[in-house]
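Participant: Mind having a look at this structure? Questions to follow.
Each value in this text was obtained by applying a stated rule to the coordinates, not by laboratory testing. Here the structure is a predicted model, which means the values were calculated and not measured. FYI the Cβ positions are ideal-geometry reconstructions off the backbone, even for glycines, and counts take in every protein chain you see.
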Amino acid sequence: MKKTNILKTVYVNSNLENVENLIDYLSAIGGKPLTIKCKRQNAFKTSWTDKETKLLTRCHIQNALEYLCFIKESFKKEQLRTVVADLAIYVNTLDSNEDTSFIIISTNTIPSAIQFDSAKRLFYNHQIRKQNQNNYATDLLTLYAIRLSLESRVRGLLGIDYATNTGKNIGLSTLIKISKTLTSVEYSTSVDWIEIEWVNNWLNHHMHRHIRPYPWNIHQALEVLKPFVDPKEPLIKPNRIIHSLYSATFVK
């Protein structure tokens, strides 16, 4: 049977029509729509068993599909190429007839020199090299920014600089567990602490191992944290809506 080349077509010619064809294709092989809870739980997993592979694959396919729908009106060629390269292994699992042989190098490799150069340019000149304005060079850096925003938010609502226990620093994971049990703080009903803990664990895993994550998982992480961190998200209370720089949190 002649192999299909939907991924390769998008990779070579990144126009809207080909992106929409890819979206339709992923919808077809991804199977019955999974719940957002299921997709996020599997997106942020850092380990799994063989019997979970099929479900994990479908979750990655469906999360990538959601990400493509989100960016399709204003995408960059490099964004799509990264998605296609990252998708290849999962597409091959669900559809062996699709040609993925054109992806010949690891999509998870970035020289540390580029990271260091990017850090210097971001800090000293508030810029990044034009040739590095792509997912490969910036996605891992994005994780540090996401993690910093989450930690700053948690410490801010607790009103602390740091915390220790018997002389040892208390990490963000523990501070999150403390935050969600506070009775003196009201959170937006959109805040999901289980998902925030998934994201925090996923951030730690990728940052400590210096692994570039899939762009569709970064998108999900941002969506999870938006009600908790983004000042644009209002706090909905009975008969009123509160807009605050402190986001969707109300300290009594």
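Participant: With a ≥ b ≥ c taken as the square roots of the eigenvalues of the C-alpha gyration tensor of segment 6-94, please select rounded if a/c is under 1.5 and otherwise prolate if a/b is larger than b/c or oblate if it is not? Mind dumping the intermediate values first?
Facilitator: Details: a/c = 1.96, a/b = 1.79, b/c = 1.10.
In terms of gyration-tensor shape, prolate.
Participant: Right, another one. Could you calculate the contour length gain from residue 20 to residue 208, that is, 0.36 nm times the residue separation minus the distance between their Cα atoms, to one decimal place in nm? Working shown, then result.
Facilitator: Details: separation 188, 0.36 × 188 = 67.68 nm, distance 3.58 nm.
Extending this stretch completely gives an extra 64.1 nm.
Participant: Once you place label points 7 Å from the Cα toward the Cβ at residue 168 and residue 201, how far apart are they in nm?
Facilitator: It is 1.9 nm.
Participant: What is the chain's relative contact order, in percent, from Cα pairs under 8 angstrom and six or more apart in sequence? Provide the component values of the computation, followed by the final result.
Facilitator: Details: 266 pairs, mean separation 51.3, N = 252.
Once divided by the residue count of the chain, the mean separation gives 20 percent.
Participant: Residue 4's amide H: which non-local residues (gap 5+, or another chain) put their own amide H closer than 5 Å, with H modeled 1.01 Å from N in plane and none for Pro or chain starts?
Facilitator: 98, 99
Participant: From the alpha carbon gyration tensor of the chain, can you work out the equivalent ellipsoid semi-axes (sqrt of 5 times each eigenvalue) and give them in Å, largest to smallest?
Facilitator: Details: eigenvalues 241, 97, 67 Å².
Equivalent ellipsoid of the chain: 35, 22, 18 Å, largest first.
Participant: Still on this structure, I have one more. Using 1/(1 + (r/R0)^6) with R0 = 35 angstrom and r between the beta carbons of residue 177 and residue 89, what's the FRET efficiency to the nearest 0.05? Walk me through the numbers on the way to the answer.
Facilitator: On the way: r = 34 Å, r/R0 = 0.98.
Efficiency computed from Cβ-Cβ geometry: 0.55.
Participant: So how far apart, in nm, are the two label points at residue 189 and residue 104 if each is 7 Å from Cα heading toward Cβ?
Facilitator: My value for the distance between the label points is 5.6 nm.
Participant: If you don't mind, there's one more thing I want to ask. Taking segment 112-251 on its own, what percent of its Cα-Cα pair distances exceed 17 Å?
Facilitator: Numbers: 6293 of 9730 pairs.
Counting every Cα pair in segment 112-251, those more than 17 Å apart make up 65 percent.
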